Number of protein chains: 2
Amino acid sequence: MIELDPIAVVRNSRKTVEDDQWGEVVSTIELLPPLTAEALTGIESFSHLEVIYYFDRVQTAKIETGARHPRNNPDWPLVGILAQRGKNRPNQIGVTICKLLEHNGSSITVKGLDAVDGTPILDIKPVMKEFLPKEDIRQPDWVGELMQNYW
Amino acid sequence: MIELDPIAVVRNSRKTVEDDQWGEVVSTIELLPPLTAEALTGIESFSHLEVIYYFDRVQTAKIETGARHPRNNPDWPLVGILAQRGKNRPNQIGVTICKLLEHNGSSITVKGLDAVDGTPILDIKPVMKEFLPKEDIRQPDWVGELMQNYW
């Protein structure tokens, strides 16, 4: 068992859990004690951040540990929960790259974070070119269909 | 407080914690109970995976919550722990994109995972083009220097 404490919290206009239209959402991420502004020193020299957060609104009983159709849509194949990015997953962790708009002391403002208001943040990392895929990405067709209105 | 259970474990030839030369490392990731092969169904239709893991070898006393020079190298600027990707960070979470080489039942083989043998895995997600940055990445010069021998 691994115990984690949220390091920050999301503040934005999205109060309910919905699947799509996240691209234009602007969120403020506020550090929580014991972290202070010092932990964000120099973060504005990066254009993008990777935000690791906890899907705290997911009901434990709904967590999928096997396979399911993405979004429970039977038009898409039955795939393992680790072969999709849905929120009802073991450990309820979300990871999203978003654009850094502003850094102000112990808070940052980002665009395109797909997390609702109040979501606990577990970690924030700067996006470095060297950590992006070095080869072309191959993915199945259902992904493009599912992502059509996501951003 | 958030409690997580590892979903899988890393097996590879890297027994000691060292900073560089991770690019050619081949690792097997073996699911742990209660997860079974079902959770990986269809994962081979993706070329790359994002692996979220726990830096379990980090000593709690060495976790940085403020700012430090990356790798404690004074040639690089003093930056916040959330503006770098070092392992001695709050919540000890690592996130790395690696190449999927093989899927075999409840295990997968990947290339370029920067985690030592025995590292607990918290989540595995498929890399989707739509989750990569939409704009060019901007980053400070010290990153290129630090990453020179990383892969």
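What follows draws every value from the coordinates through simple rules; no lab data is involved. Not measured: the values here are computed from a predicted model. Because the Cβ atoms are built from the backbone with ideal geometry, glycine has one as well, and the counts that use them run over all protein chains shown.
May I ask you to verify whether A:VAL95 is under 21 Å from B:LEU4 (Cβ atoms), out of contact with any Cys (no Cβ under 7 Å at 6 or more places or on another chain), aliphatic (A, V, I, L, M) and not in a loop (DSSP other than H, G, I, E, B)?
Numbers: under 21 Å from B:LEU4 (Cβ atoms): yes; out of contact with any Cys (no Cβ under 7 Å at 6 or more places or on another chain): yes; aliphatic (A, V, I, L, M): yes; not in a loop (DSSP other than H, G, I, E, B): yes.
For A:VAL95, the condition - under 21 Å from B:LEU4 (Cβ atoms), out of contact with any Cys (no Cβ under 7 Å at 6 or more places or on another chain), aliphatic (A, V, I, L, M) and not in a loop (DSSP other than H, G, I, E, B) - is met.
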Among (1) in contact with a Lys or Arg (Cβ under 9 Å, 6 or more places away or on another chain); (2) over 30 Å from B:PRO77 (Cβ atoms), the one test that A:ALA67 misses:
(1)
Report yes if some residue within region A:51-63 is touching a Pro at 6+ places or on another chain (Cβ under 7 Å) and farther than 20 Å from A:ARG14 by Cβ; otherwise report no.
yes
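Considering only residues that are touching a residue at least 24 places away in the same chain (Cβ under 8 Å) and hydrophobic (A, V, I, L, M, F, W, C), which ones fall in region A:132-149?
Correct list: A:TRP142, A:LEU146.
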Region A:59-68, subset under 21 Å from the mean Cα position of the chain (by Cα) and surrounded by fewer than 16 Cβ atoms within 10 Å (Cβ to Cβ), residue farthest from A:LEU146 (Cα to Cα):
A:THR60
Filter region A:45-77 for residues that are over 30 Å from B:ASP136 (Cβ atoms) and among the β-branched types (Val, Ile, Thr); the one that is nearest to the other protein chains (Cβ to nearest Cβ) is A:THR65
Which one is surrounded by the most Cβ atoms within 10 Å (Cβ to Cβ) among residues in region A:99-111 that are touching a residue at least 60 places away in the same chain (Cβ under 8 Å) and within 24 Å of B:VAL51 (Cα to Cα)?
A:VAL110
Restricting region A:130-151 to residues that are surrounded by fewer than 14 Cβ atoms within 10 Å (Cβ to Cβ) and of a type outside the set (D, E, K, R), the residue that is nearest to the other protein chains (Cβ to nearest Cβ)
A:GLY144
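Can you tell me which residue among A:ARG71, A:ARG14 is touching a residue at least 40 places away in the same chain (Cβ under 8 Å) and exposed (fewer than 15 other Cβ atoms within 10 Å of the Cβ)?
Working: A:ARG14 fails: exposed (fewer than 15 other Cβ atoms within 10 Å of the Cβ).
Residue meeting the stated conditions: A:ARG71.
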In region A:112-129, what count of residues is obtained for those that are surrounded by 16 or more Cβ atoms within 10 Å (Cβ to Cβ) and either within 8 Å of chain B (Cβ to nearest Cβ) or closer than 19 Å to B:ARG138 by Cα (or both)?
10
Hey, could you check region A:78-95 for residues that are out of contact with any helix residue (DSSP H, G or I) (no Cβ under 6 Å at 6 or more places or on another chain) and at the interface with another protein chain (Cβ under 7 Å from one of its Cβ atoms) and say which is farthest from B:VAL95 (Cα to Cα)?
A:LEU78
Only one of (1) under 29 Å from A:PRO6 (Cβ atoms); (2) not in a helix (DSSP H, G or I) fails for B:GLU130. Which number is that?
(2)
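Going by the structure shown, is B:SER27 more than 13 Å from chain A (Cβ to nearest Cβ) and either closer than 23 Å to B:LYS99 by Cβ or hydrophobic (A, V, I, L, M, F, W, C) (or both)?
Details: more than 13 Å from chain A (Cβ to nearest Cβ): yes; either closer than 23 Å to B:LYS99 by Cβ or hydrophobic (A, V, I, L, M, F, W, C) (or both): yes.
Considered against the rule, which asks whether it is more than 13 Å from chain A (Cβ to nearest Cβ) and either closer than 23 Å to B:LYS99 by Cβ or hydrophobic (A, V, I, L, M, F, W, C) (or both), B:SER27 comes out as yes.
If you scan region A:67-82, which residues turn out to be part of a helix (DSSP H, G or I) and in contact with a Phe, Trp or Tyr (Cβ under 7 Å, 6 or more places away or on another chain)?
Within region A:67-82, just A:PRO70 meets the criteria.
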Got a number for residues in region B:1-53 being within 14 Å of the chain's Cα centre (by Cα) and either among the small types (Gly, Ala, Ser) or in a helix (DSSP H, G or I) (or both)?
3
